[in-house]
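Read through the structure below, which is laid out as C-alpha cells, and then see the notes.
The values are calculated or read from the model by the stated rules, or taken from the named source; none is laboratory data. Not measured: the values here are computed from a predicted model. Cβ placement follows ideal geometry from the backbone for every residue including glycine, while neighbour counts extend to all protein chains displayed.
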Amino acid sequence: MPAFSLDPVQRAWCEELRALARDRLAPLAEQGEPGRVNRPLVAALGELGLLKRLFEAGAFELCLLRESLAYACTEAETALALQGLGTSPVVRAGTDAQRARWLPEVTAGRAVAAFALSEPGAGSDAGALALRADRDGDGWRLSGEKCWISNAPEADFYSVFARTCEGAGPRGITAFLVPADRPGLTGSALEMLSPHPIGALAFDGVPVGPEDVLGEPGRGFGVAMDTLNLFRPSVGAFAVGMAQAALDATLAHTERRTAFGGPLKDLQSVAHTAAEMATRTEAARLLVYAAACAYDEGDPEVPRRSAMAKLLATETAQYVVDAAVQAHGAAALRRGHLLEHLYREVRAPRIYEGATEVQRTIVAKELYAARAAATASAARPEAEEAVR
C-alpha cells in the first residue's frame with residue numbers, strides 16, 4: 001500500500017460500507033432501545049457478512065471497516081466492534097472446542113459477546129484486578145465484580161479476566177470464557193451517556209474449569225493486552241469516522257447558512273476553524289493507519305504506535321465534534337440532530353480501552369525503554385573494546 005493513500009478497491013469498499021450503514025443498518029439502529037443490545041442490528045451485521053469479515057481482517061482493514069461504519073451509523077460500528085472485542089480472546093487464545101462452539105454463532109449474529117476486564121477499582125490499571133479465581137478441585141470459583149462492561153448484562157458469553165495468583169500483579173491473571181448462564185453470574189444495566197449497553201457483573205462462586213481457560217493459566221494479562229493492541233488503533237478509526245461526519249456536516253452547513261450578509265464560510269473565523277478541523281482529522285487518520293500497518297507487519301513498536309493512534313484520534317474527534325456543534329449553534333443541541341448524537345458518542349472513547357492519560361503513560365514508557373535499550377546497545381561495544 002502507498003503511504004496511507006487508499007487504492008481504488010479500498011475506496012470503493014469504504015463507500016460500499018457507508019452505503020450499507022446508511023441504508024440497511026441505520027434504520028435498524030433507530031428502532032433499538034438506548035442502553036440495550038440491539039439483536040436485530042447484530043443479526044444484520046452477521047447476514048451482511050461484516051462479522052465474518054471482522055475476524056478475517058488485519059488491523060488496517062479493521063480500521064477501514066470501523067471508520068466507514070462510524071461515518072454513517074455509530075450504533076452499527078459499536079455493535080460490530082463490541083463483538084470483535086469480546087470474541088477476539090477466543091479467536092486468538094481459545095481452544096478448538098471453544099472456537100467451534102462460539103465463533104459460528106458470533107459471525108452469524110446469533111450470539112453476543114463481551115470483554116470483561118474493568119472493575120470498580122481497576123479500570124485504567126488493568127493489572128490491579130481483584131476478581132478472584134479460587135481453586136476448586138481441577139477448576140476455579142470466580143468471586144467479585146466487573147463494571148463498565150459493554151454488552152453486559154445481556155451478552156451470551158464473556159471473556160473474563162480474573163486473578164488466579166495473589167501478589168503476582170499482571171502475571172497472576174488468567175482469562176476465562178464464561179457463558180452467561182453459569183450459576184452465580186448475575187448482572188445489571190448501567191445508565192450511561194452513550195447509547196450502547198453497558199453494565200456490571202457479579203460473580204458469586206461462578207464455576208469455571210480447565211476447558212474454560214483462554215490461553216494458559218497466569219497468562220491472561222497478555223491475552224487482554226494483545227486484544228487491546230489490535231483494537232486501540234481501530235478505536236481511533238471509530239473516532240476518525242465520527243470526526244469526518246462532523247466535518248462534512250459543518251462544511252455543508254456553513255455553505256448554506258447565511259449571517260452578516262453572506263454565507264458563514266466567508267467569515268474567516270469559520271473558514272479557519274474548518275481548516276483546523278480537517279487538518280487534525282487527516283493527521284489522526286494517518287496515525288491510525290500507520291499504527292494498524294505496524295500491527296499487521298509485526299512491528300515491535302506496536303504498543304507505542306497503538307497508544308499514539310488512540311490518543312490523538314479520540315482527542316481530535318472530541319475537538320472536531322465540539323467545533324461542529326459551535327458552528328451549527330443551538331440546532332446542534334436538539335435531540336435527534338446528528339451532532340447531538342455525535343456529541344454524546346464521542347466522549348466515551350477517550351476513556352475506554354485505556355484512557356487518554358493511560359495512552360500518554362504507555363507512549364512515555366515505550367520512549368524511555370527504547371532510549372535505554374539504545375544506550376545499552378551503544379555501551380556494549382565500548383565495554384568489549386576495553387576488555388580486549
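Condition first: touching a residue at least 24 places away in the same chain (Cβ under 8 Å) and of a type in the set (D, E, K, R). Now tell me which residues in the range 217-257 satisfy that.
Listed by number, the residues that qualify are 219, 226, 232.
In the set 327, 284, 275, which member is farther than 25 Å from residue 192 by Cα, in contact (Cβ under 8 Å) with a residue 60 or more places away in the chain and not aromatic (Phe, Trp, Tyr)?
Of the residues listed, the single one that is farther than 25 Å from residue 192 by Cα, in contact (Cβ under 8 Å) with a residue 60 or more places away in the chain and not aromatic (Phe, Trp, Tyr) is 327.
Taking the options 188, 150, name whichever one is closer than 26 Å to residue 349 by Cβ, without any contact (Cβ under 8 Å) to a residue 40 or more places away in the chain and not assigned by TED's automatic domain parsing to the domain that holds residue 342. Steps first, please.
On the way: 150 fails: without any contact (Cβ under 8 Å) to a residue 40 or more places away in the chain.
Just a single option satisfies the conditions, and that option is 188.
Of 175, 200, which residue is touching a Phe, Trp or Tyr at 6+ places or on another chain (Cβ under 6 Å) and not assigned by TED's automatic domain parsing to the domain that holds residue 339?
175 is the lone residue from the list that is touching a Phe, Trp or Tyr at 6+ places or on another chain (Cβ under 6 Å) and not assigned by TED's automatic domain parsing to the domain that holds residue 339.
Please give the strands (runs of 3 or more DSSP E) falling wholly within the range 138-252 in which 1 or more residues are aromatic (Phe, Trp, Tyr).
Working: elements: 139-150, 157-163, 173-179, 185-189, 198-208.
Fully inside the range 138-252 and qualifying: 139-150, 157-163, 173-179, 198-208.
Which condition breaks for residue 279 when tested against (1) at pLDDT 95 or above; (2) surrounded by 12 or more Cβ atoms within 10 Å (Cβ to Cβ)?
All conditions are met except number (2).
Go through the range 304-351 residue by residue and tally those that are crowded, with 19+ Cβ neighbours inside 10 Å and part of a loop (DSSP other than H, G, I, E, B).
Within the range 304-351, residues that are crowded, with 19+ Cβ neighbours inside 10 Å and part of a loop (DSSP other than H, G, I, E, B) number 1.
Being among the charged types (D, E, K, R) and modelled with pLDDT under 95 is the filter; apply it to the range 109-131 and report the residue that is surrounded by the most Cβ atoms within 10 Å (Cβ to Cβ).
119
Would you mind finding the one in 59, 76 that is closer than 21 Å to residue 353 by Cα, small (Gly, Ala, Ser) and touching a Pro at 6+ places or on another chain (Cβ under 8 Å)?
59
Which of the following residues is surrounded by fewer than 21 Cβ atoms within 10 Å (Cβ to Cβ) and closer than 28 Å to residue 161 by Cβ: 248, 266, 226?
Details: 248 fails: closer than 28 Å to residue 161 by Cβ; 266 fails: closer than 28 Å to residue 161 by Cβ.
Sole residue among the options that is surrounded by fewer than 21 Cβ atoms within 10 Å (Cβ to Cβ) and closer than 28 Å to residue 161 by Cβ: 226.
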